[in-house]
Amino acid sequence: MFRTSCAAAIVSLLLPHFSSPAFAQADQLQRGAEIYAQKCASCHGATGEGTADNYPEAMFGDKPTIDLTELIATTMPEGEPELCVGDDAQLVAEWMQSAFYSPEAQARINPPKRQLSRLTVAQYRNSVADLVESFTWFNQPNDKDGLTAKYYKSRHFRDKEKAIERLDPTINFNFGEGTPDKDKIPESEEFSIQWEGSVVIDETGWYEFIVKTENGARLFVNDREAALTDAWVKSGDETEYRGNRFLLAGRLYPIRLEWFTFKEKTASIGLWWKTPHGAERPIPARHLSPQNSPEVLVVETPFPPDDRSDGYIRGTSVSREWDEATTFAAIEAADKVQKFYRDVAKLKKDDSPEKRREKLQEFCQTFAYRAFRRPLDDTLKKTYINTHFEDGSDTDTAVKRSLLAILKSPRFLYREVTGEYDLYTRVSRLSFALHDSIPSQNLLKAAEKGWVKDDKPLRDQAWQLVNTYRGQVRLTEFFRTWMNLERLDDLQKDAELYPSFTPELVADLRTSFELLLRDAVTADKDGFRNLVTGRETWMNDRLAEFYQIDPPDGENFKKVGFESEYRAGFVSHPFLLAGFAYRNTSSPIHRGVFLSRGILGRALKPPPDSVSPVAPDLEPDLTTRERTSKQTSPSMCANCHGMINSLGFALEGFDAAGRFRQTEKNKPIDVTGHYRMRSGEVSKFLGATELADFLFQSPETHRSFCRQLFHHMVQQPILAYGPQSIDELATSFAGNEYNMRHLMVEIACRSATHHPEQKQSE
């Protein structure tokens, strides 16, 4: 009786969600609730919460009603499935969807809320770098690639001996026994070169810089005074010199390479690197710029990983390890700031002690204003600034104490610790969403002047941020997450089956894929469409040879039509196909999980512990499709794998290395697939091209893309911003012809203006 009453009560709560003419639907819900209470609640709980004695796990998910109906009709109640079949099973499924099973119902039962969050690791490092940069200047890449090169007729860099000045796209020269130019540098015995500009970084991580030469050289990266590698005075026969730098994405870093030869038999110079996920290679031209740039303060202190329990990076976990890391990072940052603060504070030799103290206090106050993202009141000035200058300490010590207090303050470390909502909150949210960092001086000024009070000027500011190189990198970082690229860090294949699948080839594959992402990110229109359905990709000679296509003209990567009758979009790019496969065979399951969970946004339960893949050598006559179907045929597997397998089967036209094939085990490859959407409608497709067309057209792809991009940018649950947020963003995305930058602006502005607790103050 209690369960029946409880179910009826839930129906009454659901009635306002249906239009007044829908009384029949309400009656059906009531009937479904009654059947559930009679036949299901004793095991699963009145609202699917589970029971300790039977099924302790709560029931929720995103199965279509038709699948839920079939599951109930064939398996429930346990041991007596014949008691709930036909219309009864459907009514129960519809009741469950509305009452507690669906994501929408779960959001209604347990409304998500915005959580107090600290800075993530990336936000901390970006914020410190931007704090320091705000006192200097910044730059972003232009349309020129390479470094400015100055060639001299001696080993000394003297203007009167300069023979050549030009732009070198890459630095990988073997002069042998000659010179760069016999007419301008006739003597091979002695000459020198200086390259200068910036290195352009689009992924955060450790970079190994490698100078290859039998001559003298020294390399400076993000430090104009201390060389990263120094072989100016040589000893021994060493010809490679290595040094490491931790660099943040979306920035330019000053780089200078100085080289000379003096009486050596031969002359050569190469500037190579090893990126966070790549192999050793000459630094490509697209990562070099002739522009000058300031040094970037990069905090190298190791941090514990951020929480990703909800599937996206969040700054909600606070631990002793994190607190210790912020302390060491603050000390590191304060020490590095001491290199420049005297110049920034405009100290002069003839300044009196009082004047010097005044200037340094003003510097610390400005530092705090930018770190806290809002003006300081008198109490904050006293706590973080004045106190440290009043105890008679020397000014250098006072500055360091003040900086340490600021960098350890909750007002810096936490996003919105005070709970205030005003225009400063708006610009802070905007900047964190689009640049993953604190707002710039321009944004703080816009808040101060009231320029972001209305929607249009706020959007104008958002567009300025999204159209920068930092904005492009922000979207690229999302793609790496959305496509689960971190899973592909150690990509290897069976050496006997794929002898040419070397680390160098893997690095080329990753480069090709990254260039595909760059095309999508920088496109003014159709970026999303081309990413999903495009028929071109980037190739070089090594990739062309492995995938048995005509090599592109030239040595560098070129965009080519790559098996366009069989491939479309990123899902059939060989990097992903090889990544979501085994060492020696394809894997429809891995590919299907990637598509269903990552791209379509479907929730999947972990597989049972007792299930393991069937080894190919145990079923030598079966194709991969046949073997996979056999392995996942048990009822405990079929619920998920009915969706997973049918998506992955559409990509069976590609082997473990992502090469196209038409047969396996001397049998024709079957690339038919299908997908049942949440609405219950079934879409069928044949091969990768039709699969790509389906994905682009699918509302579920659009919803998943919007939801995951929101989580990546805002790092809060999207449903905390309203139950219709996903639908509204997906509608806006489609209405703006799937313009990804427009979607980023929409997300950032939605986050910036969200304040349900009280009216927005101005």
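If you scan the stretch 250-275, which residues turn out to be assigned to a loop (DSSP other than H, G, I, E, B) and surrounded by fewer than 19 Cβ atoms within 10 Å (Cβ to Cβ)? Hits for the stretch 250-275 are K263, E264, K265, T266.
Might you let me know whether the stretch 543-552 holds any residue that is at positive phi and not small (G, A, S)? Yes, there is a match, as at least one residue in the stretch 543-552 is at positive phi and not small (G, A, S).
Only one of the listed residues (R114, R108) is in contact (Cβ under 8 Å) with a residue 24 or more places away in the chain and either farther than 30 Å from K39 by Cβ or not in a helix (DSSP H, G or I) (or both). That residue is R114. One residue stands out among those in the stretch 142-169 that are charged (D, E, K, R) and closer than 12 Å to L288 by Cβ: the one that is surrounded by the most Cβ atoms within 10 Å (Cβ to Cβ), which is D168. Scanning the stretch 117-138 for residues that are assigned to a helix (DSSP H, G or I) and hydrophobic (A, V, I, L, M, F, W, C), we see that the one that is surrounded by the fewest Cβ atoms within 10 Å (Cβ to Cβ) is A122. Annotation: of all residues in the stretch 297-312 being within 16 Å of R114 (Cβ to Cβ) and part of a loop (DSSP other than H, G, I, E, B), the one that is nearest to the chain's Cα centre (by Cα) is Y312. State yes or no: is A657 closer than 30 Å to Y582 by Cα, in contact (Cβ under 8 Å) with a residue 12 or more places away in the chain and either buried (at least 20 other Cβ atoms within 10 Å of the Cβ) or of a type outside the set (A, V, I, L, M, F, W, C) (or both)? The answer is yes for A657.
In the stretch 157-169, of all residues being in a loop (DSSP other than H, G, I, E, B) and in contact (Cβ under 8 Å) with a residue 60 or more places away in the chain, the one that is farthest from the chain's Cα centre (by Cα) corresponds to F157. P141 fulfils the conditions (1) in the same structural domain as F260 (by TED's automatic domain parsing); (2) touching a residue at least 40 places away in the same chain (Cβ under 8 Å); (3) assigned to a loop (DSSP other than H, G, I, E, B) except for a single criterion, (1). Residues of the stretch 235-261 that are more than 33 Å from the chain's Cα centre (by Cα) and of a type in the set (S, T, Y): S235, T239, T261.
Residue check: is R357 among the basic types (K, R), modelled with pLDDT of 95 or more and surrounded by 15 or more Cβ atoms within 10 Å (Cβ to Cβ)? When the stated conditions are applied, R357 does not pass them.
Just a yes or no: is a residue in the stretch 421-432 assigned to a loop (DSSP other than H, G, I, E, B), buried (at least 24 other Cβ atoms within 10 Å of the Cβ) and aliphatic (A, V, I, L, M)? No; the residues of the stretch 421-432 include none that is assigned to a loop (DSSP other than H, G, I, E, B), buried (at least 24 other Cβ atoms within 10 Å of the Cβ) and aliphatic (A, V, I, L, M).
Condition test on S309, is it touching a residue at least 40 places away in the same chain (Cβ under 8 Å) and either within 19 Å of N556 (Cβ to Cβ) or among the polar types (S, T, N, Q) (or both)? No, not satisfied. Give the residue that is modelled with the lowest pLDDT, with candidates limited to residues of the stretch 488-532 that are over 26 Å from Y582 (Cβ atoms) and among the polar types (S, T, N, Q). Once the filter is applied, the top-ranked residue is T522. Among the residues of the stretch 745-753, are any surrounded by fewer than 21 Cβ atoms within 10 Å (Cβ to Cβ) and in a loop (DSSP other than H, G, I, E, B)? Within the stretch 745-753, not a single residue is surrounded by fewer than 21 Cβ atoms within 10 Å (Cβ to Cβ) and in a loop (DSSP other than H, G, I, E, B).
Selection of the stretch 50-64 for residues being in contact (Cβ under 8 Å) with a residue 12 or more places away in the chain and of a type outside the set (A, V, I, L, M) yields N54, Y55, F60, G61, D62, K63, P64.
The values are calculated or read from the model by the stated rules, or taken from the named source; none is laboratory data. These numbers were taken from a predicted model, which means no experiment stands behind them. Virtual Cβ from ideal backbone geometry, glycine too; neighbours counted across all protein chains shown.
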